[in-house]
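Notes follow once the structure below has been shown.
The values are calculated or read from the model by the stated rules, or taken from the named source; none is laboratory data. Keep in mind it's a predicted model, so treat the numbers as computed, not measured. Quick reminder, even Gly has a Cβ in these numbers, built from the backbone with ideal geometry, and neighbours come from all protein chains shown.
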Amino acid sequence: MRDVKPPEVRKAEILNASLKLFMEKGYLKTTTQDIIQSVGISRGLLYYHFKNKEEILYILVENTMHPVIKNIQSVVNDTKLNALEKVNKFLEITVIDESSVTVESKTLQESISLKTNQYMMDQLNHKLVQEVVPLFTQIIEEGNRTGLFDVTTPTETAFFLITGYAFVASSLKFTIQTEAELKNYQKSFKDIFERTLISN
């Protein structure tokens, strides 16, 4: 008898099996046939849910962005923090700490960073910027209202800062070798953000 499951359950099974295979075999060596056999489904059912292996990877990485956005939203809504404290908290929760890197996240980062997947990295960074800029704009506008910041174009400034920040932060785990280097990056980000935002 055919094993019929709700679409969201089946998609989750495919995503979980794919991630496991990417970790075990590597993204490039994993084939759609491997995924089909692992989940125990037909090729047609796989392609019903996903266009190809690339889309599976894209969604896996995209899913890791959701908790980040949620955490940033919590910072924006935290009434106990002033605008400058929110900026510092934003940097604290978004800079990659090596101790927080899991096998899963490292596998996904390495897979999405392959030259053949550069277009996906660009799309994901663009999507991240689109979601974060409105949130960061709220922080800047709050800082303007309270006199902490002096920014005449909050949205444009947020776009400039977040776009550059996202580009650099996405590659940090491949360039940082020591805790000292991470702290230097954190300090540099903090200095750039504060010099751009704080009123003289």
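Some observations on this one:
- Inter-residue pairs, beta-carbon under 7 Å, first in the same structural domain as PHE167 (by TED's automatic domain parsing) and in region 120-133, second of a type in the set (Phe, Trp, Tyr), 6+ apart: MET120/TYR58; ASN125/PHE167; VAL133/PHE159
- Flag if GLY26 is more than 27 Å from THR116 (Cβ to Cβ) and not assigned by TED's automatic domain parsing to the domain that holds LEU135: no
- Count - residues of region 137-153 that are buried (at least 17 other Cβ atoms within 10 Å of the Cβ), assigned to a loop (DSSP other than H, G, I, E, B) and of a type outside the set (Val, Ile, Thr): 1
- Conditions (1) more than 17 Å from ILE72 (Cβ to Cβ); (2) assigned to a helix (DSSP H, G or I); (3) modelled with pLDDT under 90; number of the one not met by THR116: (3)
- Inside region 40-67, residues that are touching a Leu at 6+ places or on another chain (Cβ under 8 Å) and closer than 15 Å to VAL132 by Cβ make up a count of 3.
- Within the option set GLU110, GLU92, GLU156, being in a helix (DSSP H, G or I) and modelled with pLDDT of 95 or more holds for one residue only, GLU156.
- Considering region 1-72, the qualifying helices (runs of 4 or more DSSP H), each wholly inside and each with 1 or more residues that are acidic (Asp, Glu) and without any contact (Cβ under 8 Å) to a residue 40 or more places away in the chain, run over 7-25, 32-39.
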